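The values are calculated or read from the model by the stated rules, or taken from the named source; none is laboratory data. These numbers come from a predicted model, not from an experiment. Backbone-built Cβ (ideal geometry, glycine too); neighbour counts: all protein chains shown. The protein model used for the area step is the full one, side chains on, heavy atoms only, and it has no ligands, DNA or RNA in it. Shrake-Rupley method; radii C 1.70, N 1.55, O 1.52, S 1.80 Å.
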Amino acid sequence: MDASSEGVPAEFPGDDAGQEAKAEPDWADRIKEYRQGDVIRVVSIPLKVQPGVVQWVATPHGAALITQTCDVVLKDRPTVHLAPVLELPPVEAKANRNGRRPNLVHLPELGDCYFADLTYVATVSKSVIASAERKPGVEAIEAVRKFGQRVGRRFSRFAFPDEVVPWLRPLQDLVGSKVTREASPVGWALSKVASLRLECDGEWEVAPYPLTLCVVLEPGVLPPFPPNETPECSERVSAWLYGSNGATLIRRHSEISKHLQDGERTSLDAADRYWLWSALADSWAAMCIPPQGSTTDILEAVEGGAVSSEIFSTEEYSFERYRHSEEIDLDHLSSPLPL
């Protein structure tokens, strides 16, 4: 039976040893120096809004190349992905440079206030970017690594179980309202936090989930102590935090934050500073409760009816614990930013 009678070509491209090599695309040489994080000078990128209808999203600051560098330079990959570059007000930019909102990725070579907005991502031909002006948005090795990690995080974030989300919302709302207000005690404390992570002892297999809020602090925030040798809290601070019974936290997160902030100016004792940060983490964990009237599956979602907490410095937070925890971010709290 003839192959063509079955709807299959009798000859396949590339099977003929005498076939001429396929010509290189005209953009192949020009694109060799392009890198992830480059900013491409284009006036707009396409956004499909309904079948057959494309809206053009203006990009007055250009668009960031978010495709991995290895895929950018390969000749057999004809397309790349672009995201608009967004300029934020200085206060908002400062709050978001640490990656609290995964849709915003800082482009340090453009300045403090410029970000790739991953809310909008367009697929375009490499011929488009090869013929456009470009400049680096990231250059230093650490900045390049951070940019790639944060782009990847946008598309690989863990989806918390639906019944757990209401427990986290009060803490997320607090962070979202205070993160741009660094002058406030809570905003100041949040500026010292490298990451808020949620750990589940049991890999999210079945409810109720045993949950721990891991508060990972920037280097130098926690005083260094030898392993397993943390000094006891002073009687004065312990009584202020826990009252006469020494067991139940009686201070709100705002009070503890202010005590820590004031302690920077008054040389707070190292042990007291450690225990105040520990109490602050406890107070944030205690905020994680579902609203009244929640369904039974929500009310019973967390083991023991409470989220516990632990504090760490970035230096001591182990990779193993990182692997078994998930970042709590603010992305779901905000609609796409206007361009």
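Before moving on, here are some points about what is shown:
- Degrees between helix 270-286 axis and first principal axis of the chain (Cα, 0 to 90, nearest 10): 70 degrees
- For GluC sites (Glu not before Pro), the sites in the range 122-206 that DSSP calls loop and that have at most 10 other Cβ atoms within 10 Å are E133, E203, E205.
- Estimated dipole of the chain in Debye, rounded to 20 [Cβ of Lys and Arg +1, of Asp and Glu -1, Cα centre]: 1360 debye
- Solvent-accessible area, 1.4 Å probe, carbon plus sulfur percent, for the chain: 51 percent
- Once backbone amide H atoms are built at 1.01 Å from N, S313 has L217 as its partners under 5 Å, excluding neighbours fewer than 5 places away on the same chain.
- Where Cα atoms sit under 16 Å apart: lysine pairs in the chain separated by 8 or more or lying on different chains: 11
- Overall Cα dimensions of the range 126-222, principal axis frame, Å, largest first: 55, 38, 24
- Accessible surface ranking for T266, T212, T119, T295, 1.4 angstrom probe, highest first: T266, T295, T119, T212.
- Charge context of A271, other residues only, Cβ under 12 angstrom, K/R +1, D/E -1: -3
- Counting only alpha carbon atoms, the long axis of helix 165-178 and the longest principal axis of the chain meet at about 90°.
- Residue among G37, G293, G263 with the largest mean-square fluctuation in a Gaussian network model of the chain, springs linking Cα atoms under 10 Å: G293
- With N the number of residues in the chain, Rg(Cα) / (2.2 N^0.38 Å) evaluates to 1.28.
- Protection proxy ranking, peptides 48-57, 165-174, average beta carbon neighbours within 10 Å, highest first: 165-174, 48-57
- Given +1 at the Cβ of Lys and Arg, -1 at the Cβ of Asp and Glu and no other charges, the dipole of the range 115-171 around its Cα centre is 160 debye to the nearest 20.
- For the chain, accessible area per residue (1.4 Å probe, heavy atoms of protein chains only), Å²: 55 Å²
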